[in-house]
Structure formats: structure tokens, C-alpha cells
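Worksheet: one structure, shown below.
No lab work stands behind these numbers, since they all come straight from the coordinates. None of the values given here were measured: they were computed from a predicted structure. Note that each Cβ is placed from the backbone with ideal geometry, even for glycine, and that neighbours are counted across all protein chains shown.
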Amino acid sequence: MPPRHPKVSGGKIGQFQGLKIYGELKMPKRRGKARVLIQIFQDEPKQLRVAECLSYAKAVKIIFETEESRNSKGQIVL
């Protein structure tokens, strides 16, 4: 079993294009709201950066992008 990221407390729910997605249900200790925590981490080396993060009433949209411009085949364009 590979070592886990030290800041991840939930279970792995998926992996896509070098991103690992973890999720955890956090129940209230006494009174309060139950929450779902979603964490997204990159494999090494870090090639993507967060380009956009939008919050909506019922959803979150997160866009990652590479530092370099690339064509549809993934090749770096100068």
C-alpha cells in the first residue's frame, strides 16, 4: 500500500489524470451540520495548477490547467 498524504483523513474515492480525490463524511460532535469533505491532490511532479474555482449554491467547479500551452495531442506549443 503506497504512503498516504499526511493531510488526507478520508478514503480515496477516485483518480483521474494524475489527480487523486479523497472524501470523508464529517458528522457533528453535538449539534450542528453533517459535512462532506472532498480533497484533491496531485501525483508528483506537480504539473497542474488551480486555474479557476467557482462556488454555486449546489455545486463547486474547479478547473486545473498546465503551466504551458498545449495542443489537442498534449504537445507543448511555443
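Quick check: from the Cα gyration tensor, does segment 11-66 come out rounded (a/c under 1.5), prolate or oblate?
On the way: a/c = 3.22, a/b = 1.68, b/c = 1.92.
Judged from the Cα gyration tensor, segment 11-66 comes out oblate (a/c at least 1.5, b/c at or above a/b).
Between residue 39 and residue 53, how many nm apart are label points set 7 Å from Cα along the C-beta direction?
With each label placed 7 Å out from Cα toward Cβ, I get 1.4 nm.
Using unit Cβ charges (K, R positive; D, E negative) and no other charged atoms, how large, in debye to the nearest 20, is the dipole of segment 20-78 about its Cα centre?
On the way: 13 positive and 7 negative charges, 148 e Å.
Here segment 20-78 has a charge dipole of around 720 debye.
Where in the chain lies the longest segment free of trypsin sites (Lys or Arg not before Pro) that are both loop residues by DSSP (not H, G, I, E, B) and have at most 10 other Cβ atoms within 10 Å? Could you put the intermediate results ahead of the total?
On the way: sites that count: 7, 29, 30, 31, 33, 46, 58, 73.
It runs 8-28.
For the chain, which GluC sites (Glu not before Pro) are in a loop by DSSP, counting at most 11 other Cβ atoms within 10 Å? Show your work: numbers first, answer last.
On the way: sites: 24, 52, 65, 67, 68; in loops: 67, 68.
Answer in residue order: 67, 68.
If the limit is 24 Å between Cα atoms, which of 12/46; 7/73; 7/58; 26/46; 12/73 go over it?
Values: 12/46 19 Å; 7/73 34 Å; 7/58 26 Å; 26/46 28 Å; 12/73 29 Å.
Long pairs (Cα-Cα over 24 Å): 7/73; 7/58; 26/46; 12/73.
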